[in-house]
Amino acid sequence: MSEVRVRFAPSPTGQIHIGNIRTALFNYLFAKKMDGTFILRIEDTDRERSANEFEDVIHQEMNWLGLDWDEGVKVGGDFGPYRQMERLDLYKEYIDKLLEEERAYRCYCTPEELDQMRASQKKAGEAPRYTGKCRNLTDKERIDLEKEGRESVIRFKSPQEEREIVVDDLIRGQVAFSSDVIDDFVIVKSDGIPTYNFAVVIDDHLMEISHVIRGEDHLSNTPKQILVYQGLGWDTPRFAHLSMILGSDKSKLSKRSGEAYVFVSEYRKKGYLPQALLNFLSLLGWSPEGDEEVFSKEEIIEQFSIERVNKSSAVFDVEKLNWMNGLYIRDAQIDTIVQLALPYLKEAGYDLEDEDPKWVELLVDTVRGSLDYIAQIADEVDIFFGEVEYDNKEKVVETFKQKDVDLVLETLKERIEALETLDPAEIKSMLKKTMKDLPVGGRKFYHPTRFALTGKGSGPELYNVIAILGKEESIKRLDKALSLI
Ligand code: GLU
């Protein structure tokens with residue numbers, strides 16, 4: 001089999017949509033699996049909407065997810081340049097060829113004329129299409145139109161007789177389009193810049209792309225591109241169109257569908273782990289053979305195949321992502337999580353950079369079990385800072401006033417004071433022993449103690465809570481509870 005060369009070809013017109021990064025990921029996985037080459041090409045021919053800063057966004061998000069490209073912008077390669085606006089000379093050669101061979105022609109119709117054309121087609125109940133008005137202009141007519149100062153575009157001559165154009169799609173099978181639905185489409189705009197449907201063909205051909213893997217939203221463009229390949233006498237690459245990603249309400253994932261964010265940056269900013277998002281995205285449309293769903297990148301590459309990419313739409317289930325991300329947060333090295341957490345904590349007013357690293361580690365480790373994403377950490381550590389706040393004061397005080405609770409809290413004060421270290425293991429056995437020594441059961445022991453120390457009815461293990469609060473603060477909180485009895 002010849003070498004696999006695939007590309008991700010985003011337009012730098014904004015933030016990267018989650019659907020786009022999934023396209024990048026599937027290209028990447030396929031390239032890695034097949035020992036092929038993964039190329040990043042920037043499709044910046046839409047001058048109004050493209051901006052350099054958006055190309056930076058593309059690099060940033062791809063780097064964050066670890067989708068390193070082998071060839072393309074920044075890294076270079078033998079098939080460059082890799083930005084379409086730097087390839088205009090290359091396109092010109094093929095535009096001239098098509099014009100010369102009369103497979104394309106200049107069209108001088110004004111926007112107003114085109115509007116009129118469409119309006120009368122609509123009136124007649126016909127589908128809007130370019131009528132071919134400028135298809136057979138004589139040289140004289142052309143010169144006259146130019147003299148009028150008219151601008152021109154270049155249109156591709158689509159077949160006039162009806163025939164089928166079949167997209168042989170690796171995911172969808174054979175998808176047939178009638179050439180009837182394709183008019184003489186524009187391949188070069190009046191400013192001389194080629195359109196997407198033209199430039200993409202030239203690039204994919206010259207860059208020797210073997211497989212075009214992209215979103216289903218481009219499926220209807222593919223027959224046009226096939227016509228251009230044929231017009232230039234070139235073979236087409238293989239095509240694979242990935243199904244759309246839907247929100248949990250089953251509508252197309254756009255702006256905000258339910259809880260899901262649409263842009264990769266939003267997940268990065270919330271503190272999702274790139275490995276978790278990558279794992280989750282890989283399952284949007286692809287399914288591995290077994291039931292297992294948690295995989296490292298290497299394992300996904302090992303198992304990946306286009307044959308197992310599904311043609312029905314994938315649903316973006318945020319709860320599943322949160323579950324998976326939580327799993328990755330719990331499994332990660334603690335210092336990775338600490339490093340990720342520090343900026344969020346700082347933003348929330350907890351500047352812990354100069355605190356004892358062991359203490360910070362314990363703090364983060366104690367709460368990471370309840371996180372879906374790192375940005376939530378500020379809410380979780382709140383119980384350790386400032387005055388203790390009771391969730392429901394009346395109920396809490398009632399708990400404190402139960403028989404023997406004063407004895408529990410007093411005894412704990414003494415035992416905490418007497419602790420030799422703040423090692424959670426030592427505190428754990430102290431708590432166990434204290435409870436045994438007192439005439440109370442577990443509920444009466446732990447429940448009021450938890451309320452006294454955290455203000456809440458549930459939360460992290462108490463031995464960790466005491467270790468984090470330290471002796472002084474723990475005793476202060478127990479005193480506060482005792483004062484309410
Ligand atoms: N620039 C196009 C996009 O961002 C690329 C489509 C393709 O992969 O052919 O949608």
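What follows is calculated from the coordinates using simple rules that are stated; it is not laboratory data. Everything numeric in this text was worked out from a predicted model, so none of it was measured. Neighbour counts are summed over all protein chains in view; Cβ atoms, including those assigned to glycine, are modelled from backbone coordinates with ideal geometry.
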Placing unit charges on C-beta atoms (Lys and Arg positive, Asp and Glu negative, everything else neutral), compute the dipole magnitude of the chain about its Cα centre in debye, rounded to 20. 1280 debye
Once Lys and Arg get +1 and Asp and Glu get -1 on their Cβ, which of Gly459, Gly149, Ile337 lies farthest toward the positive end of the dipole of the chain? Gly459
Between Gly215 and residues 5 or more places away or on another chain, the pairs with built amide H atoms under 5 Å apart involve Leu242
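How do the peptides 191-201, 154-164 rank, highest first, by the average count of neighbouring beta carbon atoms within 10 Å per residue?
Ranking, from highest mean packing down: 191-201, 154-164.
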Using the charge dipole of the chain (Lys, Arg: +1 at Cβ; Asp, Glu: -1 at Cβ; taken about the Cα centre), state which of Leu206, His241, Tyr350 has its Cα farthest towards the positive end. His241
Sort 361-370, 20-29, 174-183, 78-87 by packing, meaning the average of other beta carbons within 10 Å per residue, with the highest value first. 20-29, 361-370, 78-87, 174-183
Here the FRET efficiency for Thr131 versus Asp35, based on Cβ atoms and R0 = 45 Å and rounded to 0.05, is 0.35
With labels modelled as points extended 7 Å from the Cα through the Cβ direction, what inter-label distance (nm, one decimal) is found for Lys311 paired with Lys252? 2.0 nm
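Tell me whether the stretch 361-483 comes out rounded, prolate or oblate; compute the Cα gyration tensor, take square roots of the eigenvalues as a ≥ b ≥ c, and use a/c under 1.5 as the rounded threshold.
Taking the square roots of the gyration eigenvalues as a ≥ b ≥ c, the stretch 361-483 is oblate.
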Any idea how far apart Ala425 and Leu482 come out in nm if each label point goes 7 Å out from Cα toward Cβ? 3.1 nm
If the only charges are +1 at each Lys and Arg Cβ and -1 at each Asp and Glu Cβ, what is the size of the charge dipole of the stretch 204-299 around the Cα centre, to the nearest 20 debye? 620 debye
Plugging the Cβ-Cβ distance of Asp68 and Asp379 into 1/(1 + (r/R0)^6) at R0 = 45 Å yields, to the nearest 0.05, a FRET efficiency of 0.85
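Starting from the stretch 415-485, pick out the GluC sites (Glu not before Pro) whose DSSP state is loop and whose Cβ has at most 11 other Cβ atoms within 10 Å.
Of the GluC sites (Glu not before Pro), the ones in loops of the stretch 415-485 whose Cβ has at most 11 other Cβ atoms within 10 Å are Glu420.
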Hey, in the chain, which Cys have no second cysteine's beta-carbon closer than 4.7 Å? Cys109
Mind giving me the FRET efficiency for Ser190 and Lys269? R0 is 41 Å, r the Cβ-Cβ distance, nearest 0.05 is fine. 0.55
Using alpha carbon centroids, what distance separates the stretch 380-440 and the stretch 297-319, in Å? 49 Å
Arrange the peptides 291-304, 323-336, 443-456 so that the one whose residues have, on average, the most other Cβ atoms within 10 Å appears first. 443-456, 323-336, 291-304
Between Leu170 and Leu206, what length comes free when the chain is fully extended (0.36 nm per residue of separation minus the Cα-Cα distance, one decimal in nm)? 10.8 nm
Report, in whole Å, the centroid distance computed from the Cα atoms of the stretch 1-61 and the stretch 157-186. 26 Å
Contour minus Cα-Cα span, Gln121 to Ser178, at 0.36 nm per residue, comes to 18.6 nm
